[in-house]
Amino acid sequence: MVSNSATASGSFLSGVIEGFYGPPWSPRERAELWDWMVRGGLDTYLYGPKDDLHQRAIWRQPYDASGLATVRAAVAGCRSRGLRLIHACSPGLDVTYSDPSDREAMQARLMQLIEAGVSEFCILLDDIPDAMRPADLARWGSLASAQAAWVNAIFTWSRSRVAGRFLLCPTPYCGRMVAAGHGGDGYLETLGRELHPEIDIFWTGPEIISERIDLEPIARLTEVLHRPPLIWDNLFANDYDGRRFFCGPYAGRPLELKRAVRGILLNPNTEFPLNFVPIHSFGSYLAAEGAWDPGASFLDGLKAWWPRFATVGSPLEFADLILFAGAFYLPYGDGPEADRLARDIAQCLASAEPPDDAESLDVRTRMLRLKGFSARLVDLLDRELFHALHRRVWDLREELDLLDRWWSHRIDPRRAGTPFTSDFHRPKTCRGGFVARLQGFLRQFPDARFEVSGEIETPAKVHPR
Ligand code: GDL
């Protein structure tokens with residue numbers, strides 16, 4: 001029996017998951033996040049950083065005194081602001097579902113958290129192999145059955161001690177994983193049937209990083225899961241690419257999604273200060289009725305973020321922030337101004353004529369404004385924001401500088417027909433390194449296909465086989 005009400009298990013959850021790979025946020029950053037959340041009308045904070053060792057690697061071990069102090073600070077910080085705190089644990093890398101001592105270890109973990117004031121929990125079984133231990137296979141026959149039985153047991157145990165939401169992230173948690181058979185045949189159907197109906201089930205959409213989350217697939221999923229899913233939204237996550245961050249608006253999700261799911265939680269950029277616009281925009285999406293305009297929300301968010309861009313020396317210009325933020329917008333697209341600039345630069349590069357007409361000069365001026373703004377970030381008074389931006393902005397500065405040098409060369413009649421080089425972009429230090437070398441091997445096409453790159457040089461074998 002499907003409960004179509006998105007609130008069957010209580011209120012709609014809206015908030016932030018600290019659920020990325022990499023350094024967890026500091027207690028001070030969390031406190032600032034909770035303030036942002038209160039201002040934006042978000043109500044739920046989920047603690048689940050992959051690289052808190054107690055989350056995954058040593059999930060059986062209780063927290064020591066300092067770890068416990070952090071948990072208590074989160075309990076107090078969320079409670080004082082009227083926020084819901086959900087604490088996650090990820091046992092999936094090495095749990096044996098049929099081993100009673102593993103169930104007891106999880107209960108002991110939760111007991112320690114309950115004593116510290118936590119009453120809402122999440123079991124994360126994402127990003128684990130879908131192989132089963134022989135004992136589990138013999139007992140349950142499928143991963144979904146084993147996980148449902150195990151999580152139900154922990155849920156029932158916790159229910160006799162605390163009331164509160166209880167969440168599960170399944171092993172396949174997006175459309176692509178299910179289509180690939182991850183988790184085994186009929187994984188979601190079995191989980192939907194066998195998992196206690198009060199337990200919320202996470203879903204990231206058609207992909208791990210979903211450009212869009214549409215209503216029709218969510219309606220079908222609701223039937224399969226016997227409950228509406230809870231959205232784990234990775235739109236702004238950047239842990240998978242250290243060169244990027246995302247400060248665009250919340251986009252690609254119709255407003256009606258809010259009524260079709262049990263909640264939406266964002267797992268955003270690893271660098272905390274870079275999440276200002278995403279959280280601001282998400283708050284506006286939650287409050288919006290009737291129509292949703294991501295472009296307007298982006299500008300609103302930037303206006304609210306702007307005071308953080310105060311500098312030593314002369315002030316920056318807001319118009320330049322719009323262009324800059326558009327260069328770090330969303331995973332599947334650049335902001336309108338940045339997109340237009342990239343297209344215009346491409347045209348100048350491809351032109352048979354030297355780009356020194358008025359239109360081309362305007363393109364170059366915009367390019368140099370972006371370069372200048374990026375360079376001026378070093379003057380930010382908010383040093384944490386600067387530190388978070390610095391590494392990601394460096395590559396942008398290097399590329400803009402290279403293009404500018406190319407420009408000077410291309411419009412200089414004395415250098416016509418001569419090869420272009422840059423004294424500041426030398427082989428191996430410019431775009432160099434082992435990863436860049438590997439990236440050159442397989443070329444990806446817009447349809448996702450990879451092919452061996454036609455430009456690979458095959459040097460003499462150093463290590464003959
Ligand atoms: C994932 C991980 C998440 C990570 C994100 C982006 C889920 C449920 N799990 O698959 O921890 O931050 O991708 O890399 O999304």
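Among the residues of segment 347-364, the ones that are open to solvent by 50 Å² or more (accessible area, probe 1.4 Å) and without any contact (Cβ under 8 Å) to a residue 24 or more places away in the chain come to 9 in all.
Only a single criterion out of (1) over 28 Å from Leu137 (Cα atoms); (2) of a type in the set (D, E, K, R); (3) at pLDDT 95 or above is not satisfied by Asp51, namely (3).
Here are Ala448, Ala436: which of them is open to solvent by less than 90 Å² (accessible area, probe 1.4 Å), more than 30 Å from Ala358 (Cα to Cα) and outside any loop (DSSP other than H, G, I, E, B)? Give the steps one after another, and end with the answer.
Values: Ala448 fails: outside any loop (DSSP other than H, G, I, E, B).
Sole residue among the options that is open to solvent by less than 90 Å² (accessible area, probe 1.4 Å), more than 30 Å from Ala358 (Cα to Cα) and outside any loop (DSSP other than H, G, I, E, B): Ala436.
Only one of the numbered conditions (1) more than 31 Å from the chain's Cα centre (by Cα); (2) exposed (fewer than 11 other Cβ atoms within 10 Å of the Cβ) is violated by Ile411, and that is (2). Can you find even one residue in segment 214-225 that is within 11 Å of the ligand (Cβ to nearest atom) and under 20 Å from Met177 (Cα atoms)? Checked against the condition, which is being within 11 Å of the ligand (Cβ to nearest atom) and under 20 Å from Met177 (Cα atoms), segment 214-225 yields no hits at all. Applying the set (1) surrounded by fewer than 19 Cβ atoms within 10 Å (Cβ to Cβ); (2) over 25 Å from the mean Cα position of the chain (by Cα); (3) assigned to a helix (DSSP H, G or I) to Gly77 leaves exactly one unmet item: (2).
In the list Glu384, Glu399, which residue meets the criterion of being touching a Pro at 6+ places or on another chain (Cβ under 8 Å), of a type outside the set (Lys, Arg) and open to solvent by 40 Å² or more (accessible area, probe 1.4 Å)? Before you say what the answer is, go through the steps one by one.
Details: Glu399 fails: touching a Pro at 6+ places or on another chain (Cβ under 8 Å).
From the options Glu384, Glu399, the qualifying one is Glu384.
Taking the criterion of being within 16 Å of the ligand (Cβ to nearest atom) and either of a type in the set (Asp, Glu) or more than 16 Å from Leu195 (Cβ to Cβ) (or both), the residues of segment 124-156 that qualify are Asp126, Asp127, Ile128, Pro129, Asp130.
Within the group Tyr21, Tyr97, which residue is within 16 Å of the ligand (Cβ to nearest atom), within 22 Å of Thr171 (Cα to Cα) and either more than 25 Å from the chain's Cα centre (by Cα) or surrounded by fewer than 17 Cβ atoms within 10 Å (Cβ to Cβ) (or both)?
None of the others qualify; the one that does is Tyr21.
Looking at the structure I just gave you, is Pro273 part of a helix (DSSP H, G or I), away from the ligand (no atom under 16 Å from the Cβ) and not acidic (Asp, Glu)? Working first, answer last.
Numbers: part of a helix (DSSP H, G or I): yes; away from the ligand (no atom under 16 Å from the Cβ): yes; not acidic (Asp, Glu): yes.
When the stated conditions are applied, Pro273 passes them.
Answer with yes or no whether Ala304 is modelled with pLDDT of 95 or more, among the small types (Gly, Ala, Ser) and either in contact with a Pro (Cβ under 8 Å, 6 or more places away or on another chain) or over 29 Å from His387 (Cα atoms) (or both). Even if it seems obvious, please write down each step before you answer.
Values: modelled with pLDDT of 95 or more: yes; among the small types (Gly, Ala, Ser): yes; either in contact with a Pro (Cβ under 8 Å, 6 or more places away or on another chain) or over 29 Å from His387 (Cα atoms) (or both): no.
So Ala304 fails the test.
Filtering segment 1-18 down to residues that are at pLDDT 95 or above and away from the ligand (no atom under 16 Å from the Cβ), which residue is nearest to the chain's Cα centre (by Cα)? This residue is Ser14.
Go through the residues of segment 239-251 one by one and say whether even a single one is open to solvent by 20 Å² or more (accessible area, probe 1.4 Å), touching a Leu at 6+ places or on another chain (Cβ under 6 Å) and not assigned by TED's automatic domain parsing to the domain that holds Glu399. No, every residue in segment 239-251 fails to be open to solvent by 20 Å² or more (accessible area, probe 1.4 Å), touching a Leu at 6+ places or on another chain (Cβ under 6 Å) and not assigned by TED's automatic domain parsing to the domain that holds Glu399.
Looking across Arg243, Arg262, one residue alone is within 16 Å of the ligand (Cβ to nearest atom) and either touching a helix residue (DSSP H, G or I) at 6+ places or on another chain (Cβ under 6 Å) or within 20 Å of Gly326 (Cβ to Cβ) (or both). It is Arg243. Of the residues making up segment 266-281, those that are over 16 Å from Glu211 (Cβ atoms) and hydrophobic (A, V, I, L, M, F, W, C) are Phe272, Leu274, Phe276, Val277, Ile279.
Looking at segment 290-313, is at least one residue touching a residue at least 60 places away in the same chain (Cβ under 8 Å), surrounded by 15 or more Cβ atoms within 10 Å (Cβ to Cβ) and over 28 Å from the mean Cα position of the chain (by Cα)? Within segment 290-313 (the criterion being touching a residue at least 60 places away in the same chain (Cβ under 8 Å), surrounded by 15 or more Cβ atoms within 10 Å (Cβ to Cβ) and over 28 Å from the mean Cα position of the chain (by Cα)), the answer is yes, since at least one residue qualifies.
The values are calculated or read from the model by the stated rules, or taken from the named source; none is laboratory data. Predicted model, so just to flag it, every value in this text is computed and none were measured. As a convention, Cβ positions derive from the backbone with ideal geometry for all residues, glycine included, and neighbour counts pool all protein chains shown. In case anyone asks, the SASA skips ligands and DNA or RNA and just uses the protein heavy atoms, side chains included. Shrake-Rupley method; radii C 1.70, N 1.55, O 1.52, S 1.80 Å.
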